[in-house]
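Participant: This is the structure I have questions about; it appears just below.
What follows draws every value from the coordinates through simple rules; no lab data is involved. Since the structure is predicted, the reported quantities are computational estimates derived from the model, not experimental observations.
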Amino acid sequence: MPIHTTPLLPKSAATDSPSPKIHGRRQNPQPEAQNQKQIPKDEVGRILLNQLLRAVTSIGANFEESVEAESNKDIIHKLSVVKKEAKETRYWLDLISECYSNLKPHAQTLILDTESLIRIFSSIITKKKSVVAPTEYRTPNTGYQS
């Protein structure tokens, strides 16, 4: 049975063969290989992982809020926050990639997936802006669009 993946879920999770379970936990037959794919649990690693986790979870939370938006203007605002959080996610993945060379190939895959999400959110925002009345939506840099 295939595992459903999301763009930010490591693709290897969907392709790895199932490993034996002992007491409900998976046992990895190659612990050295597993450790090479993890961020070290030192202070820098914990900070990077925490920041990445915050940004990634914010994407999902803000997207869920956009689903319940009350107007096109509200949708645009909430999706703009989603897009900003996706850009922040890309930033943290870039840092992780630079700090931990063993994670660079995996991080680069996730960065490409994140960039795809950014393009999708940008496209949705652009389309929503085209249906919003010019006086209904104000951009921060130019005032009201005409």
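Participant: Which of the pairs Lys73/Lys127; Lys78/Lys104; Lys41/Lys83; Lys84/Lys104 have their Cα atoms more than 20 Å apart in this structure?
Facilitator: Values: Lys73/Lys127 12 Å; Lys78/Lys104 31 Å; Lys41/Lys83 29 Å; Lys84/Lys104 23 Å.
From Lys73/Lys127; Lys78/Lys104; Lys41/Lys83; Lys84/Lys104, over 20 Å: Lys78/Lys104; Lys41/Lys83; Lys84/Lys104.
Participant: A follow-up question, please. If each residue of separation counts as 0.36 nm, what is the full-extension length gain between Ser122 and Glu65 once their alpha-carbon separation is subtracted? Walk me through the intermediate numbers first.
Facilitator: Details: separation 57, 0.36 × 57 = 20.52 nm, distance 1.69 nm.
Extra length available between Ser122 and Glu65 comes to 18.8 nm.
Participant: Something else: Which ³J(HN,Hα) values in Hz, rounded to whole numbers, follow from the phi angles of the stretch 85-98 under the Karplus curve 6.51 cos²θ - 1.76 cosθ + 1.60, where θ = phi - 60° and Gly and Pro get x?
Facilitator: Per residue, the Karplus-derived 3J(HN,Hα) values read 5, 5, 5, 5, 4, 4, 4, 5, 5, 4, 4, 4, 4, 6 Hz.
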